[in-house]
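Visitor: This is the structure, below, for whatever I ask next.
What follows is calculated from the coordinates using simple rules that are stated; it is not laboratory data. This structure is a prediction, so every number in the text was calculated from the model and none was measured. Don't worry about glycine lacking a Cβ; one is built from the backbone with ideal geometry, like all the others, and counts go over all protein chains shown.
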Amino acid sequence: MNSPLDQTRRRFLGQMSTGLTGVALSRLFAAEGATPKGTHFAPKAKQVLQIFCPGAASHIDLWEHKPLLEKFHGTPLPGGEKEVSFQGKNGNLMRPPWAFAPAGKSGKMLSTMLPHMARHADDIAFIHSMTSQTNTHGPGCINMNTCFTREGYPSAGSWVSYALGSLNDNLPTYIAIQDLRGEPPNGKANWSNGFLPARFQAVAMAAQQPLRNLARPASISSAEDEAARDFLRTINREHEQQHPGNSELGARMAAYELGAKMQLAAPEVSDLGGEPKHVHDLYGTGDANSLKAAYARNCLLARRFLERGVRYVSLYCASRASNVDGFLNWDAHKTLKADYERHCPIFDQPTAALLMDMKQRGMLNDVLVVWCTEFGRMPTHQEGTSGRDHNPDAFTTWMMGAGVKGGVSHGATDDFGRRSVHDVTSVYDFYATVLHLLGLDHEKLTYYFNGLQQRLTNVHGHVIDKVLA
């Protein structure tokens, strides 16, 4: 029989081995950036919903009323008679194809093409003086998501995931919901982890494209499946101890373990069938317009992910450019009226329903909602067309929800919407404000890469105080 001393020694050695494994794993995860950094001060928001309309949705046709565009319709833009923009020469000033009308108690003037969104006017903080570093869609979308025009930099969602970690144990921290029509310009680079560890990249999915290979094959029993997972965990730990300097190992292990948990969680959250009929009717998931119905299902899916603690959700309405300008996204170069009469109904009701649903459930106490596009459009029409060319010097974004002061407008463009002239803002300011609402100082959230302490806002950015509650 073993002596009590032997039992104590055996227990000590066993516990020491386990403890050292835990220390090695914690060091590895720290090297991977797996340990959340935490907030710098008390946050107003815990989660982010980013709604992105790729194609450069026109600020002067949707969000920013310019009465002088109507008054001087058909005349040259003062000082811009010979101006050449992205696709060439511009014609005369062109008024919006639809009227603007006051919305909410604030009387905010919004396009009558967005009657559902107009109901939220008093909850939204509009930023009318945004500027971009580029007039090209791919770099523009990357710029609006990462603050850089080149690929290889982390998206805002990745930075937030890196800083704050997950609010749940069985779903991704960061999800990108793609439109039925396809990926946005430059595709997955919009939700890339860049130089941050791989585990901070978004998981891309949509109502029409659920995660694949989640179900257990019928030929494998649950007991066999669990035994295989136990064995995999064992050999992973052994491999980890043998290769303590492998900085990608922790991310891979965490991803596989999350994948196992998602086998149970993802099918439930992706199943919209359990939602009552009045909710489906509110969003328009059964609409005769198949594109609107698909986007509506994605809006509902976004709410369900946020409800279950996903930290950052990017929701796209439209996709990359096609051979026909403005057909698959908001890039209305030639026929703006026809293009936006196609896109606005797809966007309006489902988006407004998502905001209303979240507000009724009290989710906007924790969720910050931001609406983005990559740049604006010219107040003139392109020569020989009834559409507008790209305009990086002026566009609108907005915020709503946790920590945001509703019913305000920050900044403004000139009389015709050509350039931002009052309280001019940049994508750096935009994300400095987003991070501030999450309790993060954008100058202190850094990651060492390529000899520098890198940050989302590069070396720029100021918090837009006017939109804060």
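Visitor: Under a no-solvent Debye model with one identical scatterer per Cα of the chain, what's log10 I(q)/I(0) at q = 0.08 Å⁻¹?
Guide: -0.50
Visitor: Okay, next question. Of Ser155, Ser129, Ser219, Ser290, how do they rank once you tally other Cβ atoms within 10 Å and put the fewest first?
Guide: Values: Ser155 30, Ser129 26, Ser219 6, Ser290 10.
Fewest-to-most ranking of Ser155, Ser129, Ser219, Ser290: Ser219, Ser290, Ser129, Ser155.
Visitor: Taking the Cα centre as origin and putting +1 on Lys and Arg beta-carbons and -1 on Asp and Glu beta-carbons, what dipole magnitude results for the stretch 115-224, to the nearest 20 debye? Could the numbers behind the result be given before it?
Guide: Numbers: 7 positive and 7 negative charges, 46 e Å.
Charge dipole, the stretch 115-224, about its Cα centre: 220 debye, nearest 20.
Visitor: At 222 nm, what value in deg cm²/dmol follows for the chain if DSSP H runs of at least 4 each add -39500 (n - 2.57) and the sum is divided by all its residues, to the nearest 500? Don't skip to the answer; put the middle values down first.
Guide: Values: 11 runs with 160 residues, N = 469.
Estimated from H runs of four or more residues: -11000 deg cm²/dmol.
Visitor: For Lys46, list the lysines whose Cα falls under 27 Å from its own Cα; do not include residues on the same chain fewer than 8 positions away.
Guide: List returned: Lys37, Lys188, Lys261, Lys359, Lys405, Lys444, Lys466.
Visitor: Still on this structure: Measure nothing fancy, just the Cα-based angle from helix 427-437's long axis to the longest principal axis of the chain, in degrees from 0 to 90, nearest 10.
Guide: Once rounded, one gets 50 degrees.
Visitor: For Lys71, give me every one of the lysines with a C-alpha distance below 25 angstrom, ignoring sequence neighbours fewer than eight places off in its own chain.
Guide: Lys82, Lys89, Lys108, Lys334, Lys337
Visitor: What order, most packed first, do the peptides 121-127, 95-101 have when packing is the mean number of other Cβ atoms within 10 Å of each residue? If you can, show how the numbers build up before the last one.
Guide: Numbers: 121-127: 22.7, 95-101: 17.0.
Ranking the peptides 121-127, 95-101 by packing returns 121-127, 95-101.
Visitor: Using unit Cβ charges (K, R positive; D, E negative) and no other charged atoms, how large, in debye to the nearest 20, is the dipole of the chain about its Cα centre?
Guide: Using only the charged Cβ atoms, the result is roughly 520 debye.
Visitor: Run the Debye formula on the Cα coordinates of the stretch 345-438, all scatterers equal and no solvent, and tell me log10 I(q)/I(0) at q = 0.12, 0.22 1/Å.
Guide: So the normalised log intensities work out to -0.51, -1.18.
Visitor: In what order do Ser314, Ser166 fall by count of nearby beta-carbon atoms within 10 Å, going from fewest to most? Let's see the in-between values first.
Guide: On the way: Ser314 26, Ser166 16.
Ordered by Cβ neighbours within 10 Å, fewest first: Ser166, Ser314.
Visitor: Of Ala189, Val279, Ala294, which is farthest towards the positive pole of the chain's charge dipole, taken about the Cα centre with +1 and -1 on the beta-carbons of Lys, Arg and Asp, Glu respectively?
Guide: It is Val279.
Visitor: Oh, and also: Run the dipole for the stretch 418-469 about the Cα centre, Lys and Arg Cβ at +1, Asp and Glu Cβ at -1, nothing else charged, and hand back the magnitude in debye, nearest 20.
Guide: 180 debye
Visitor: In nm, what is the difference between 0.36 nm times the number of residues separating Asp230 and Thr446 and their Cα-Cα distance? Don't skip to the end; give the middle numbers.
Guide: Values: separation 216, 0.36 × 216 = 77.76 nm, distance 3.63 nm.
The Asp230-Thr446 span can extend by a further 74.1 nm.
Visitor: For Ala332, what is the net charge nearby, where nearby means another residue's Cβ is under 9 Å from its Cβ and Lys, Arg count +1, Asp, Glu -1? Please list the in-between numbers first.
Guide: Values: positive: Lys334, Lys337, Arg377, Arg388; negative: Asp61, Asp325, Asp331, Asp339.
Neighbourhood net charge equals 0.
Visitor: Toward the positive end of the charge dipole of the chain, about the Cα centre and with charges on Cβ (Lys, Arg +1; Asp, Glu -1), which of Ala118, Gln209, Ile346 goes farthest?
Guide: Positive-end residue among those listed: Gln209.
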